[in-house]
Amino acid sequence: MEDKASDREKEVFFHLLSKGKLDKYLHAEMEARADEMLSENSLKTGEETARSPTKNRLIALKIRYAAAAAILTGLIIAAGLLKQHNNSPGNDKPLLVSEYKNEVHPGGSHAILTLADGSSVALDTTKKGIVTVQGKARLTKIGQGSLVYEVMAGEHAVVSYNTITTPAGGQYQVTLADGTKVWINALSTLKFPTSFSGPARSVELKGEAYFEVAQNKNKAFHVLVNGLDVQVLGTKFNVNAYTDESSLKTTLMEGSVRLVEENRSLILTKGQQGAAVPNGPITLVKDANTDEALAWKNGYFSFDDADIHTVMRQLARWYGIRIRYEGAPTKTLFWGKMGRDLNLTQVLTGLDKSKVHFQLEGTTLTVLP
């Protein structure tokens with residue numbers, strides 16, 4: 001079978017980890033994959049080997065941490081693999097120089113809580129402790145980026161609905177009254193009751209969130225999102241429902257869920273993903289990339305054959321920037337991981353190694369041809 005990358009302009013594989021936040025798992029995974037690639041292709045560090053006059057050539061680069069630690073920017077380039085066409089016209093052109101006229105810092109724990117009476121609370125500036133009491137429901141901030149709802153003992157609680165909204169560059173975690181934990185990604189909204197007193201537990205989502213649903217066999221949990229009903233009893237799953245993505249994706253980590261949209265439904269089991277499009281079928285991915293789906297929640301970006309638009313959408317949400325393209329978008333596809341605690345120019349420095357170049361001015365990032 002012909003190499004699936006043969007019709008691509010180029011691909012880049014990279015691991016970028018911020019100094020001081022090296023994840024042991026990613027470190028081990030990086031070393032294993034780099035060694036495997038070097039072994040399989042009989043390459044030595046820094047050497048180039050042509051597979052054939054018409055095939056792509058493979059360049060493997062492996063940089064040990066001991067050397068990378070000396071980089072003054074604090075960015076550690078842990079490993080990289082660049083794959084590009086051999087003997088293709090224009091490959092000898094000099095690299096463009098990226099222009100970073102300013103720095104953009106990564107996002108953090110930022111969110112607005114809107115209460116049932118319409119009042120709002122800026123959660124990132126609120127001190128730890130009790131935030132508000134609504135009837136028999138008490139809301140407590142237990143740490144930076146974390147809220148807990150509790151229904152106090154006594155008479156039946158009066159149900160009211162609150163909303164948590166995260167801006168670009170914001171994320172937050174909330175524990176609902178039933179014990180369900182929800183991690184909310186940037187540019188997302190979660191509407192939920194202060195207590196679950198009816199026959200079912202229902203919340204509404206816009207954007208993306210990861211759920212660890214508290215088990216209750218007598219009361220199903222529903223996530224209502226863009227016309228889709230994700231039905232569960234107790235499980236762990238991620239819902240990506242950004243309107244600028246091609247489909248609404250539900251990725252299951254544990255348990256089982258049922259996806260229901262009008263007269264269509266699909267049951268997911270562990271490790272599977274359901275992708276729904278408006279007025280279309282719900283597609284099943286049996287062996288989903290759960291690592292990629294949960295990367296944002298675990299503190300990094302993860303790309304697996306992602307095109308430039310996919311990469312830029314994620315950067316735009318997390319760094320609060322506007323993306324524009326100059327000329328035809330690059331055909332580069334990206335693999336790899338980057339820490340979400342990196343400054344934007346550090347991320348761009350890594351991506352720049354794929355010969356995709358950028359200009360950053362204010363909050364506008366231009367992707368150059």
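The values are calculated or read from the model by the stated rules, or taken from the named source; none is laboratory data. What you see is a predicted model; the values in this text were computed from it and never measured. Note that we place each Cβ from the backbone using ideal geometry, even for glycine, and neighbour counts take in every protein chain shown. What goes into the accessible areas is simple: the full protein's heavy atoms, side chains included, and nothing from ligands, DNA or RNA. Shrake-Rupley method; radii C 1.70, N 1.55, O 1.52, S 1.80 Å.
Sorting the segments 236-243, 213-220 by their mean number of nearby beta carbons within 10 angstrom, highest to lowest, gives 236-243, 213-220. Inter-label distance, Glu326 to Ile267: 5.5 nm, where each label sits 7 Å from its Cα along the C-beta direction.
Given R0 = 51 Å, the distance between the Cβ atoms of Asn289 and Ser119 translates into a calculated FRET efficiency of 0.80.
By its C-alpha gyration tensor, with a ≥ b ≥ c as the square roots of the eigenvalues, how is the range 139-251 shaped: rounded for a/c under 1.5, else prolate for a/b larger than b/c, else oblate? Intermediate values should be presented prior to the final figure.
On the way: a/c = 1.95, a/b = 1.31, b/c = 1.48.
Verdict is oblate for the range 139-251.
So how do Asp244, Asp352, Asp124 rank on accessible area, 1.4 Å probe, biggest first, that is with the largest at the start?
Asp244, Asp124, Asp352
Rounded to the nearest whole Hz, the Karplus-based 3J(HN,Hα) values (6.51 cos²θ - 1.76 cosθ + 1.60, θ = phi - 60°) of the range 242-257 follow the sequence 5, 6, 8, 8, 6, 8, 8, 10, 10, 10, 9, 9, 7, x, 8, 9, with x at glycine and proline. D by Stokes-Einstein for the range 127-180, Kirkwood Rh over Cα pairs, 25 °C, 0.890 mPa s: 203 µm²/s.
Averaged per residue, what accessible area in Å² does the range 303-347 show with a 1.4 Å probe, protein chains only?
On the way: 1580 Å² over 45 residues.
Accessible area per residue: 35 Å².
For the range 230-365, carbon and sulfur atoms together expose 46% of the accessible surface, with a 1.4 angstrom probe and every protein chain in place.
Distant-in-sequence amide contacts of Gly108, defined by a placed amide H-H separation under 5 Å and a gap of 5 or more residues or a different chain, comprise Gly170, Gln171.
The label-point distance for Leu368 and Glu204, in a model that sets each label 7 Å from Cα toward Cβ, rounds to 4.6 nm. Here Ser256 and Val158 are evaluated by their C-beta separation; at R0 = 41 Å the FRET efficiency comes out at 0.80.
Along the range 200-212 the Karplus relation, 6.51 cos²θ - 1.76 cosθ + 1.60 evaluated at θ = phi - 60°, assigns HN-Hα couplings of 9, 10, 10, 9, 10, 10, 10, x, 9, 7, 10, 10, 10 Hz to successive residues, with x for each Gly and Pro. Computed in the context of the full set of protein chains, the accessible area of the range 130-182 at 1.4 Å probe radius has 53% of its extent on carbon or sulfur.
Legend: calculated FRET efficiency, Asn216 to Glu361, from the Cβ-Cβ distance at R0 = 51 Å, rounded to 0.05, equals 0.50. For the range 273-352, the set of trypsin sites (Lys or Arg not before Pro) satisfying both a DSSP loop assignment and a count of at most 14 other C-beta atoms within 10 Å is given as Lys286, Lys331. In sequence order, the range 225-236 has phi-based couplings of 8, 6, x, 9, 10, 9, 10, 9, 10, x, 5, 10 Hz under the Karplus curve 6.51 cos²θ - 1.76 cosθ + 1.60, θ = phi - 60°, and Gly or Pro positions carry x. With the whole protein complex present, Met253 retains an accessible surface near 30 Å², based on a 1.4 Å probe. For Ala220, the residues whose modelled amide H falls within less than 5 Å of its own, excluding neighbours fewer than 5 places apart on the same chain, are Arg201.
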